[in-house]
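Each value in this text was obtained by applying a stated rule to the coordinates, not by laboratory testing. Computed from a predicted model, the values in this text were never measured in an experiment. Neighbour counts are summed over all protein chains in view; Cβ atoms, including those assigned to glycine, are modelled from backbone coordinates with ideal geometry.
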2 protein chains.
Amino acid sequence: MKASKTGEFGLIDRIIEEIKKVEPGDWDSLISGIGDDAALIEFKSKYQLATTDSLIEDIHFEMNFLDWEALGWKALAVNLSDIAAMGGTPKYALVSLNLPASTDFDDVVRLYRGMLQLAKASGTIISGGNISRAEKLAVHVTAVGEAAGKSKTLLRGGARNGDLIAVTGILGGAAAALETPYRSINIDRQDAEALKKAFWRPQPRLQAGKVMVKHGIRCAIDISDGLLADLSHILEASGTGARIEASKIPVNPAAAATCGTKSLELALTGGEDYELLFTGKSGAIKKVAIDAGCPVTVIGKMTRHAGKLEVIDGRGRRMNFEGGGWRHF
Amino acid sequence: MKASKTGEFGLIDRIIEEIKKVEPGDWDSLISGIGDDAALIEFKSKYQLATTDSLIEDIHFEMNFLDWEALGWKALAVNLSDIAAMGGTPKYALVSLNLPASTDFDDVVRLYRGMLQLAKASGTIISGGNISRAEKLAVHVTAVGEAAGKSKTLLRGGARNGDLIAVTGILGGAAAALETPYRSINIDRQDAEALKKAFWRPQPRLQAGKVMVKHGIRCAIDISDGLLADLSHILEASGTGARIEASKIPVNPAAAATCGTKSLELALTGGEDYELLFTGKSGAIKKVAIDAGCPVTVIGKMTRHAGKLEVIDGRGRRMNFEGGGWRHF
């Protein structure tokens, strides 16, 4: 069934069916959802978090071999990752779809299924949205969540000189998936699966973000542009410098197996890993590591040299980024 | 300055500058806005409204003669119209821009200026967003607002048999703008301006929506798809029928002047007028008319024939919609 044949309303009915199959925890707070001009939601917390992000054909993904379920998962995940990076809890999301006229309804249902898997796992309500025809496929998601309090959020400007720098999870997998033809028969099948998962099924670190707030961490950002690029946002907002030890970076093993020595560069600059980069005192980070539900690795230290970002190799030598790659001095 | 040259961050700085020039009423409630992973907003009301809508190049507008300020205004207006149709008050909006690589920064600033004119007028905070490169220009807005209470909202399912049907404002102008070459020298200049304004600068009926709630109206929808299409959504949700008197439709005078007898059809089926269609008792509608801040016209009555939508001409004859046009039986 093509989107152009039955029109928007038929498709919306199918989507509503899919959504009704899933019952996230706080479903009661949705008083009126899809099917009216706006969703009406009961919202208990006073402090609200809101973010929006898009996945667009030919910019963020290609139509060849597109896994629609994974696209739905990732479109929500990149938004929940922003909520996680503030230490918040997601409550609801709105979805704006741009569909080419040739779109198959069943693919749109698959997209929603993938999104609803993550919605259910994270307690997020898909409360509304809209569908427009367009030349290129795009999924625009806005997520709204709650923060524990006005000062109980993780801000980019919260880092202090002397703080340790840590990351959740492992890095470089998403970039390695783009780098290596992971459908190639030359790549170990488990590695290929791991890279595909890193790119298409990022895990928003919601539990880790909340645990950070609980243990007094004040600064975090999610790694979407690449560890160094995102760290530089923290430096700018906090007025600090940073020194990263390359040997401590938790490189995705599948990235290392498929990309060799380049995997470190991918882990530092590749982006789309959607792990959390955060700073704090050693004791707080240790407590976070216990409760985060994912690996936590200390990779460096904030310094007082405002805006100065250094990466040091295993022998204490500075590494430098030039023209898209890393090289030793 | 082209978007591709200075990159996303330079453009975001320019946008932040523009936003800081404007101070909507409730600005204090934005604790942390653009520049962190998510916006942090203090939200006083327990009942929240959320909606999302997009304007996409070649679907909703064309690049020839594009008025960027008007595009910004309209992208926010269509979302605020959904908040108005629920009887709510807008609080904040997030903006996701898709920009072709050739986009001129100054045009994006113009887009924001237009959006901020309406944001200021309506007390809406532009609290965040994101920018992606894309082949086609698109503006995706999500608006969040508050409702006075759980039952103090205007729903599509709130119409009852015997209710009068009314509309705010005048209809058919946006459709007439698409129908007639309003830049043509053959059209009266004032008419051309009126049609252009109807299409590009719709006025979200926020005051009227709130007044409706105050006077006990329970059912409204905004006219985006066309009066009859949107009325049919009310019929479906309310389980009622409707009888519309064509002679009472408040046709936009500029549409009548430029499109002649076709203007009635445009007013009934054209869409994009973003007026409110609502139902209620005669006394309540009279009170709404006094406080709405715009014309209010009774155009018909809800009937008990579930799903039956009749349009009656001046002589009491039924008019019928077939294959995109209206004709008498």
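Between A:Glu135 and B:Ile12, how high is the FRET efficiency from 1/(1 + (r/R0)^6) when r is the Cβ-Cβ distance and R₀ = 30 Å? Nearest 0.05.
0.70
Taking every DSSP beta bridge that has both ends in chain A, the antiparallel portion is near 75%. Phi angles of the range B:123-130 translate, via the Karplus equation with coefficients 6.51, -1.76, 1.60 and θ = phi - 60°, into HN-Hα couplings of x, 9, 8, 7, 9, x, x, 7 Hz per residue; Gly and Pro are given as x. About the centre of its Cα atoms, the range B:141-246 shows a dipole size close to 460 debye [charges on the beta carbon of Lys, Arg (+1) and Asp, Glu (-1) only; nearest 20 debye].
In a simple Cβ point-charge model (Lys, Arg +1; Asp, Glu -1; nothing else charged), the range B:250-318 has a dipole of about 500 debye relative to its Cα centre.
Simple spin-label estimate for A:Val22 and B:Lys281 gives 4.3 nm between the two label positions (7 Å along the Cα-to-Cβ direction from each Cα). Each 5 Å bin, from zero up to the one with the longest distance, holds this percent of the alpha carbon pairs of the range B:3-146: 2, 10, 21, 24, 21, 13, 7, 2, 0.
At an R0 of 60 angstrom, the distance between the Cβ atoms of B:Phe65 and B:Arg304 translates into a FRET efficiency of 0.80. What the Cα convex hull of the range B:156-328 gives, in volume per residue, is 104 Å³.
In the structure shown, the pairs A:Lys196/A:Lys262; B:Lys91/B:Lys152; A:Lys287/B:Lys44 are assessed against 23 Å; a Cα-Cα span above that value is assigned to A:Lys287/B:Lys44.
Projected label points at B:Asp58 and A:Thr261, each 7 Å from Cα along the beta carbon direction, are separated by 4.6 nanometres. When the Cα positions of B:Ala119, B:Thr153, B:Ile131 are compared along the charge dipole of the range B:118-157, B:Thr153 comes out farthest toward the positive end, with charges on each C-beta of Lys, Arg, Asp and Glu. For a paramagnetic label modelled on A:Leu178 (point 7 Å from Cα along Cα→Cβ), amide N atoms under 20 Å away belong, within the range B:131-157, to B:131-136. The charge dipole of chain A, taken about the Cα centre with unit charges on the Cβ atoms of Lys, Arg (+1) and Asp, Glu (-1), comes to about 1520 debye, rounded to the nearest 20. In a DSSP loop and with at most 10 other Cβ atoms within 10 Å, the trypsin sites (Lys or Arg not before Pro) in the range B:27-114 are B:Lys44. With the simple model of a label 7 Å out from the Cα in the direction of the Cβ, A:Asp106 to B:Asp106 spans 5.2 nm.
Along its first, second and third principal axes, ordered by size, chain B spans 64, 51, 30 Å in Cα coordinates.
Using helices alone, what [θ] at 222 nm do you get for the protein assembly as shown, with -39,500 (n - 2.57) per DSSP H run of 4 or more residues, divided over all residues and rounded to the nearest 500? Could the numbers behind the result be given before it?
Numbers: 20 runs with 238 residues, N = 658.
Result for the protein assembly as shown: -11000 deg cm²/dmol, rounded to the nearest 500.
With only alpha-carbon pairs counted, each pair once and no self-pairs, how large is the Kirkwood hydrodynamic radius of the protein assembly as shown in angstroms? Here the Kirkwood hydrodynamic radius works out to 26.0 Å.
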